[in-house]
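Novice: Questions regarding the structure given below will be posed in turn.
Here, each number is a calculation from the coordinates, and none is a lab measurement. Worth saying up front: this structure is predicted, and the values here are computed from it rather than measured. Here the Cβ positions follow ideal geometry from the backbone for every residue, glycine too, while neighbour counts run over all protein chains shown.
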Amino acid sequence: MNDLEQFYSDLKRVIYIFKFKDKNLAESWISQLNINLKAEYIESCLTAAIFELSVTDIETFNWVLEHLSDWQTYANLLQQVTKFILQKLIKRGFIPGQDFSYTFEGKILIYENARKVIMSDVSESDNLLIRKILLIPSEIHS
């Protein structure tokens, strides 16, 4: 089996395991992977699985984000999404501290006009991840 076929096989397997929505099972499987595979490979596979689930199985996607949020892979993914959002906001002319700010919880507090710009041209899977990071002032008080 070539590298691409192996990756696809591992990707299908992790998605299959995530669909059981059993944290212990998922952690056990990842522990087994850690015995034979490099951490970068495993992180790539987990990240691909999260993106795949965001398109094919929203319920499992949300379960993964809710129950496996303490995994380093998830934290790395959210850091990348956060960096992307901050860069996009600055590139579009929004001003830190005025139009948006970064909270100590790792979220971005953003006003509605800036949120609309950020969300205007993103894929559905990016939309789901971005919503995990953004805080809108009106949502905080409700």
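Novice: Given the DSSP H assignment, sum -39500 (n - 2.57) over each helix run of at least 4 residues in the chain and divide by its residue total; what's the result at 222 nm in deg cm²/dmol, nearest 500?
Specialist: Details: 8 runs with 100 residues, N = 142.
When only DSSP H runs of four or more count, the value is -22000 deg cm²/dmol.
Novice: Follow-up. Describe numerically, in nm with one decimal, the distance between label points set 7 Å from Cα along Cα→Cβ at Thr103 and at Gln79.
Specialist: Label-label distance for Thr103 and Gln79, simple model: 2.1 nm.
Novice: Report the trypsin sites (Lys or Arg not before Pro) located in region 1-97 that are in a DSSP loop and have at most 16 other Cβ atoms inside 10 Å of their Cβ, or state none.
Specialist: Numbers: sites: Lys12, Arg13, Lys19, Lys21, Lys23, Lys38, Lys83, Lys88, Lys91, Arg92; in loops: Lys19, Lys21, Lys38, Arg92.
When the trypsin sites (Lys or Arg not before Pro) of region 1-97 are filtered for loop state and at most 16 Cβ neighbours within 10 Å, Lys19, Lys21, Lys38, Arg92 remain.
Novice: A further question on this structure: In whole angstrom, how long is each semi-axis of the equivalent ellipsoid of region 78-140, when you take the square root of 5 times every eigenvalue of its Cα gyration tensor and sort them from largest down? Don't skip to the end; give the middle numbers.
Specialist: Working: eigenvalues 46, 36, 28 Å².
Semi-axis lengths for region 78-140 are 15, 13, 12 Å.
Novice: Region 85-142: which chymotrypsin sites (Phe, Trp or Tyr not before Pro) are DSSP loop and have at most 12 other beta-carbon atoms within 10 angstrom? The partial results should precede the final answer.
Specialist: Values: sites: Phe94, Phe100, Tyr102, Phe104, Tyr111; in loops: Phe94, Phe104, Tyr111.
Sites meeting the loop and neighbour criteria: Phe104.
Novice: Same structure again: Which three extents, in whole angstrom, do the alpha-carbon atoms of the chain cover along their principal axes, largest first?
Specialist: Cα extents, longest axis first: 51, 32, 26 Å.
Novice: Cα centroids of region 2-33 and region 81-142: how far apart, whole angstrom?
Specialist: 31 Å
Novice: Now for a separate question. For the pair Asp22/Tyr41, report the inter-label distance in nm, with labels modelled 7 Å from Cα in the Cβ direction.
Specialist: 2.5 nm
Novice: While we're here: Anything in the chain that counts as a DSSP H helix reaching 20 Å or more along its axis (C-alpha) with Kyte-Doolittle mean of at least 0.5? List them, would you? Show your work: numbers first, answer last.
Specialist: Details: long enough: 3-18 (22 Å, 0.04); 23-36 (21 Å, -0.39); 39-56 (25 Å, 0.93); 72-91 (28 Å, 0.06).
Span-like helices in the chain: 39-56.
Novice: Do any GluC sites (Glu not before Pro) in region 22-109 lie in a DSSP loop with no more than 11 other beta carbon atoms within 10 Å, and if so, which? Can you show the working numbers first?
Specialist: On the way: sites: Glu27, Glu40, Glu43, Glu52, Glu59, Glu66, Glu105; in loops: Glu105.
Sparse-neighbourhood loop GluC sites (Glu not before Pro): Glu105.
Novice: Another one. Taking the Cα centre of the chain as origin, work out the dipole magnitude from +1 charges on Lys and Arg Cβ and -1 charges on Asp and Glu Cβ, in debye rounded to 20. Before the final figure, lay out each step's value.
Specialist: Working: 15 positive and 19 negative charges, 77 e Å.
Its charge dipole is roughly 360 debye.
Novice: Pick from Leu109, Leu89, Leu33: which is most flexible by mean-square fluctuation in a GNM of the chain where alpha carbon atoms under 10 Å apart are linked?
Specialist: Comparing Leu109, Leu89, Leu33 in a Gaussian network model of the chain, the most mobile one is Leu33.
Novice: Now for a different question. Based on other C-beta atoms within 10 Å, arrange Ser101, Ser120 from fewest to most.
Specialist: Details: Ser101 13, Ser120 8.
Listed from fewest to most nearby Cβ atoms, that is Ser120, Ser101.
Novice: Also, I was wondering about something else. Please work out how much length the chain gains when fully extended from Arg92 to Glu112, using 0.36 nm per residue of separation minus the C-alpha to C-alpha distance, in nm with one decimal.
Specialist: 5.8 nm
Novice: Follow-up question, since we're still on this one. Give, as a single signed number, the net charge of other residues whose beta carbon lies under 13 Å from the beta carbon of Asn34, with Lys and Arg counted +1 and Asp and Glu -1. Working shown, then result.
Specialist: Working: positive: Lys38; negative: Asp10, Glu27, Glu40, Glu43.
Here the count lands on -3.
Novice: With the crude spin-label approximation of a point 7 Å out along Cα→Cβ, what separation in nm comes out for Asn2 versus Asp70?
Specialist: Rounded to a tenth, the inter-label distance reads 4.1 nm.
Novice: Could you list Val122, Val14 so that the one with the fewest beta carbons within 10 Å of its beta carbon is first and the one with the most is last? Could the numbers behind the result be given before it?
Specialist: Working: Val122 15, Val14 23.
Ranking Val122, Val14 by Cβ neighbours within 10 Å, fewest first, gives Val122, Val14.
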